[in-house]
Amino acid sequence: MRRPLCVFCVGTLGLELVCAFLPQTGRFVPFAAFFVVGLLWALAARLRKSSAWGYGICLILGAALGLVLSCSTQAKLEQRQTAYDGRSALLEAEVEIVSSSYYPGTVRAVLRVERADREVASFRVECASLPDCSPGDRIKGRFALEAPDETDRLNAYADGIALNAEYEKGFALLGQSSSFRARTARLQKRLSAALRQGMAAGPAGVLAAMVTGDRTHLAKELRAAYRGAGLSHVLVVSGMHVSILCGDVLGRLLPRRKKRLRGYMSRKAKALFSAVLALLLVGVTGFTPSVLRAAGAVWLSALGVWVYGPPDALTSLGVAGVLMTAGNSYAVCDVGFELSFAAVVGTLAGGAVVRRSQEAWANRQEKQKRPRTRFWKRKALGLAGNLWETVCISACASMATFPVLVLRGMSTSLYALVSGVAVLWLVEPILLTGLGAALLGLVPVLAPVQRVCSFCAEFLTNLLNRWALWVSGWPGAQIWFDTAYAAVVCLLLAGLCWLAFQKKVRLRVALPALLLTAGIAIGTGNALSRDVIRVELVGSQNAPAVVISQKGSAVILFRGGDSTRSAVESTLERRNIQTVECLVDLRIKPQSAQGLGPKQRIAPDGMGPSPPRRARCGPAEVEVFRTRNGCIVRVHAAGQTFVTLSGSVPLAQPVKADYLLASPARPDCVEYDTILSLSNRYRWMPMAPPSGELVSEARLRG
């Protein structure tokens, strides 16, 4: 067996995915068994050989380990939620991650709880609005804890966040933490400040994200532009950055010692240097899954050098994934984790295609026995070979990440391949000059040299920014697919790839066929979803907001606080919604206005009891009626009527609606056919709703 450990890891990670995405019901065991049987069937052609039976055994053992890890993680989450969900607790915690919040003097933070009600604890929570603090600070305060929302639960669990925390009172700073993560967070802050000094805001924010992983200074316009140009992975420190720093840096430092590096002791020293540098990079960039995956592969490769093990990229990749999910099986659901693994697999596949094509070219040249080519022709052929390698690897990496993007409901770009070929060569000089500017900025004596590095990094980053802004304005720069349709398309493309591999179809025939099929599928999907109106509830179960979207515009019925607003913004970003036509603030006593940038805002708190206010807003017609102690909103879209309530709404006669957008308010004044709800725990709901009545979203054709 060539890669038994790799097959073992595939079984573990695959079953963890099954456990995470499938509901934890009686159907779980049959689906898990189906997963194992499906992988065994994929290996059936090789199981006739005696040595190939080992693959099946490794696969089953890996699946068993994945089941154990998933059950262990689920038990821990249930234990923590049973102990703290719905409670108000006094927490002592370390601030791990900080990002900008919605109001001055507040931040959005991820906290690692050390004590809860003066008892020792260890779990992570996310707070949407916290008084100003920095990563590495130890804080104290009273928080209301609740389980993550149903729509965002997988992402929260993937980040190790067991509960959401809403700050109540008693905030106090307890000093600086001395943990490794806190020390590296402070180093990250210093490096980011040193890097950004004297730069314009645009390139400074991009450089801070690329070099140190500090995304707090990255403008929303540039973030959207990079996503539209297919370059969003550049802004996340990932395996590409790790390979540049851990591989190229050492080669540049020791260019004249190549012969000495061939010795085994020198290779061990190089492996140790790479492992230490990867560890520092993980700490500085905030332990993101993409960096952890890449650093894990570096550490495994270094371990292989020290224990005389042969290097294997796929095995290192699989082992790194299992180690990352050992403590939290939901880590396999992290989008960064999945994109990072998919990009590495695609890069390896592209490298294999390049290697085979080069071997075929060399064999053809050898058979033809042509005379030695001239110097300029050899240079032209070398340049063409380098271009082919770049195009092939970029194409394979883009195709590998495409299923992850569309299956996770995210928008993607049609121009990722063009951008990869055109400007990805800029990443290495930007990263090296930016790293030099950040390190030199820590030493005031070296200010002149730092300014030179800073000028070079800023100039190159401006080129990258201009490309991203230009490409993001092209037609169809950002597209979004319905998840179910995307799954069918991905299965179709995977089946065609498998058939091409089995039938040994030539690449010059298979590649155009795959591209043509993908193009037809994308065009068909866009045509089918062009006039569809999507109505979905997002945010907390107790006070969800409503997003009604069509053709890149939306109407929002908002209630809740900062966590709900964050969920709304995430939904708008995933759906590639650029325009908010209207925002109806359903809160009777709002603390402050929501800054989601709507063209029109309706606030019932400023309205009188009559008459109702009507507005035509893009995909829907909105009618808001204010009562003394509440309000009722009726929305007409796609020939259907949606109604939601806030507060107490007594009416002389009931309002008829096709859909009730559920909330804690009792709908005594509404006659409805279907409930859209994130929860079945409202007091006015029956204990067991009729089958098929309770749904979380609706899709209608306008």
Any residue on another chain or 5+ positions along whose placed amide H is under 5 Å from the amide H of Asp214 is listed here as Ala209
Of Arg451, Arg574, ordered by accessible area with the largest first and a 1.4 Å probe, the sequence is Arg451, Arg574
Here the gain from full extension of Thr517 to Phe21, 0.36 nm per residue of separation minus their alpha-carbon distance, amounts to 175.8 nm
Note on the stretch 72-172, DSSP bridge orientation, antiparallel percent to nearest 5 equals 90
Contour minus Cα-Cα span, Leu323 to Tyr485, at 0.36 nm per residue, comes to 55.0 nm
A student applying the Cα gyration tensor rule (rounded when a/c is under 1.5; otherwise prolate if a/b is larger than b/c, oblate if not) would label the stretch 404-548 oblate
Note: probe point = Cα of Ala83 + 7 Å toward Cβ; backbone nitrogen < 14 Å; residues of the stretch 144-171 passing the test are 162-163
Whole-percent carbon and sulfur contribution to the accessible surface of the stretch 529-581 (1.4 Å, no ligands, DNA or RNA) stands at 36
So for the stretch 379-459, using the alpha carbon gyration tensor with a ≥ b ≥ c as root eigenvalues (a/c under 1.5 gives rounded; past that, a/b versus b/c decides prolate or oblate), I'd call it oblate
Per DSSP, the loop-located trypsin sites (Lys or Arg not before Pro) within the stretch 55-145 having at most 10 other beta carbons within 10 Å are Arg118
Order by accessible surface, 1.4 Å probe, largest leading, for residues Arg508, Arg181, Arg364 comes to Arg508, Arg364, Arg181
The correct ranking of Phe287, Phe341 by accessible area at 1.4 Å, largest first, is Phe287, Phe341
Rounded to a whole %, the carbon-and-sulfur portion of the accessible area of the stretch 605-650 at a 1.4 Å probe is 43
Quick calc: nm separation of the 7 Å Cα→Cβ label points for Ala422 and Trp361 -> 2.4
Taking a probe of 1.4 Å and leaving out DNA, RNA and ligands, the stretch 399-531 shows per residue an accessible area in Å² of 55
So, with points 7 Å from each Cα along the Cβ direction, the Val445-Arg153 label distance in nm works out to 5.9
Two pseudo-spin positions, 7 Å from Cα along C-beta at Arg683 and at Leu303, lie apart in nanometres by 5.5
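Rounded to a whole number, what % of the accessible area of the stretch 95-225 do carbon and sulfur atoms account for, probe 1.4 Å?
49
The values are calculated or read from the model by the stated rules, or taken from the named source; none is laboratory data. Please read all numbers here as calculations on a predicted model, not as lab measurements. Glycine also receives a Cβ, built like all others from the backbone with ideal geometry; neighbour counts cover every protein chain displayed. Heads up: the accessible areas ignore ligands, DNA and RNA and are worked out on the full protein's heavy atoms, side chains in. Shrake-Rupley method; radii C 1.70, N 1.55, O 1.52, S 1.80 Å.
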